[in-house]
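Okay, so here's the structure we're looking at.
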Amino acid sequence: MTLVGLIRHGRTDWNERRRIQGHTDRPLSARGCAEMGARRPPPELTDAAWFTSPLLRTRQTAELLGITSFRTDRRLIEMSFGRWEGNTLEELRTADPDAVSANEDKGLDFRAPGGESPRDVCRRLLDWLNAHAQYPALAAITHNGVIRAAVSMALDWDMTGSPPLKPDWACAHLFRFEGGRLRPDRLNLPLPVRTERAP
């Protein structure tokens, strides 16, 4: 059994303006840096093998959390939203209402024009898990779409309607991976407040 911990990156300016990021490589905002610099990973992940997505916002978050050794893996990158990246949902409903409407209630098969589906993200997340299942503990700084994929896999949620348990993006999410299956351990585990000075 492998304990798997997933943490979302800190805020960016596009998060604050509700713009869809996907693969677009945005740095953390000043607020995001301050929030992540005041936290550390939960003690359950002290001895984990750490990974990040290749995008800057995840690598910055790892460093601010005090994670000194990590590897990047493209399988942990955010879901691609193709031509929708950089827009807000409100802008898309005005500019491309047919495409937005066509994707409503598609759940795992939602796909922005030129982008990926959540089902695609589930496949690459499972591939990453299987590739590193030899570790007793595995952890990643990753993205909203990847954590939603993990919740979908662990709770058998097809991504239609609300999730059985809504992830708090300021928390860590712990799962158990065994026999090729992902199961919930502790979701919405608060990130402890840093007591020592940040490096």
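The values are calculated or read from the model by the stated rules, or taken from the named source; none is laboratory data. Predicted model, so just to flag it, every value in this text is computed and none were measured. Backbone-built Cβ (ideal geometry, glycine too); neighbour counts: all protein chains shown.
Observations on the model:
- F51 in contact with an Asp or Glu (Cβ under 8 Å, 6 or more places away or on another chain) and touching a residue at least 60 places away in the same chain (Cβ under 8 Å): yes
- Some residue of segment 9-24 being in contact (Cβ under 8 Å) with a residue 40 or more places away in the chain, part of a strand (DSSP E or B) and buried (at least 21 other Cβ atoms within 10 Å of the Cβ): yes
- Wholly within segment 82-199, helices (runs of 4 or more DSSP H) carrying at least 3 residues that are among the β-branched types (V, I, T) and modelled with pLDDT of 95 or more: 144-155
- For segment 110-129, a residue qualifies if it is without any contact (Cβ under 8 Å) to a residue 40 or more places away in the chain, more than 17 Å from T24 (Cα to Cα) and surrounded by 15 or more Cβ atoms within 10 Å (Cβ to Cβ), and the qualifying residues are R119, C122.
- The set of residues in segment 130-146 that are surrounded by fewer than 21 Cβ atoms within 10 Å (Cβ to Cβ) and in contact with a strand residue (DSSP E or B) (Cβ under 9 Å, 6 or more places away or on another chain) comprises N130, H132, A133, Q134, Y135, P136, A137, N144.
- Screening segment 54-109 for residues that are of a type in the set (V, I, T) and under 27 Å from N130 (Cα atoms) and picking the one that is surrounded by the fewest Cβ atoms within 10 Å (Cβ to Cβ) gives T68.
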